[in-house]
Amino acid sequence: MRLHRLDITAFGPFGGSQSVDFDALSAAGLFLLHGPTGAGKTSVLDAVCYALYGSVPGARQSGQGITLRSDHAATGTRTQVTLDLTVAGRRLEISRQPPWERPKRRGTGTTVDKAQTWLREYDATAAAWKDLSRSHQEIGEEITQLLGMSREQFCQVVLLPQGDFARFLRADAEARGKLLGRLFDTHRFAEVEKRLAE
């Protein structure tokens, strides 16, 4: 999987629209995502996960939808994440909008717009984007199949949680083993090893 571009609007701490050009960042082969606490580093990774799977990692996934919206966004700005990537030799663009509580167009009060998802593929022959699906379920199945990982596996293997990584670096060998066992869900292998030993 290669990420090309991430566009986010009214997501997490980002009240307006922001773009991350991964092609420019990775031109030298490797890049570092850094900044002070609260700068939005984790939110960028959350946005990638949200674009791919429609949810964010770990504990941050509870109460999703409206809570993904930035508190700094203008009232009329809808939250949206768009990810342009190449996976399994296919250039894809995934756009997701979580449910949105917006002001009513007529009268007072608010109304909730449903979540929306789009999947497009770049057709190099026609030099144009082609719509593939607007179904949350179809897109979820397609992405899981192409990546070969569920959201949980992606979060464990690709997006190692910040606190767990720091704990891993400072841990002794036994604690590291337990942490890796939890992150990669290896208890079933430990059970097989135990049975073989018996």
Discussion item. Cut-off under 21 Å on the C-alpha distance; same-chain residues fewer than 8 positions from Lys114 excluded. Which lysines are left, in chain and number order?
Written reply: Lys104
Response to the item:
Note, Glu101: beta-carbon cut-off 14 Å, +1 each Lys/Arg, -1 each Asp/Glu, net +4
Worksheet item: Rounded to the nearest 500, what is the chain's calculated 222 nm mean residue ellipticity when only DSSP H runs of at least 4 contribute -39500 (n - 2.57) each, over all residues?
Response: -10000 deg cm²/dmol
Item to complete: Step through the residues of the stretch 85-91 one at a time and calculate ³J(HN,Hα) from phi using the Karplus curve (6.51 cos²θ - 1.76 cosθ + 1.60, θ = phi - 60°), rounding each to whole Hz and writing x for Gly and Pro.
Response: 8, 10, 9, 6, x, 10, 8
Discussion item. Tell me which of Tyr122, Gly148, His72 sits at the most positive position along the dipole axis of the chain, charges placed on C-beta atoms (Lys, Arg +1; Asp, Glu -1).
Written reply: His72
Worksheet item: With every protein chain present, what accessible area does Phe31 have (1.4 Å probe, heavy atoms only), rounded to the nearest 10 Å²?
Response: 90 Å²
Response to the item:
Once normalised by the length of the chain, the mean sequence separation of its alpha carbon contacts under 8 Å that are 6 or more apart gives a contact order in percent of 17 percent
Practice prompt. Name the residues whose placed amide hydrogens come within less than 5 Å of the amide hydrogen of Gln116, ignoring near sequence neighbours (fewer than 5 apart) on the same chain.
Written response: Gln97
Discussion item. Amide H of Ser133 versus every other amide H placed in the peptide plane: which residues, excluding those fewer than 5 positions away on the same chain, fall under 5 Å?
Written reply: Leu119
Worksheet item: For the chain, what is the charge dipole size about the Cα centre, in debye to the nearest 20, if Lys and Arg each add +1 at the Cβ and Asp and Glu each add -1 at the Cβ?
Response: 540 debye
Worksheet item: Rounded if a/c is under 1.5, else prolate if a/b is larger than b/c, else oblate: which is the stretch 1-90, with a ≥ b ≥ c the root eigenvalues of its Cα gyration tensor?
Response: prolate
Item to complete: Take the alpha carbon atoms of the stretch 64-129, find their center, do the same for the stretch 1-48, and report the distance between the two centers in whole angstrom.
Response: 16 Å
Worksheet, complete the sentence: Given 88-101, 119-132, the highest-first ranking by average Cβ count within 10 Å works out to 88-101, 119-132
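The values are calculated or read from the model by the stated rules, or taken from the named source; none is laboratory data. Values in this document were obtained by computation on a predicted structure and should not be read as measured data. Glycine also receives a Cβ, built like all others from the backbone with ideal geometry; neighbour counts cover every protein chain displayed. Heavy atoms of the whole protein, side chains included, go into the accessibility calculation; ligands, DNA and RNA do not. Shrake-Rupley method; radii C 1.70, N 1.55, O 1.52, S 1.80 Å.
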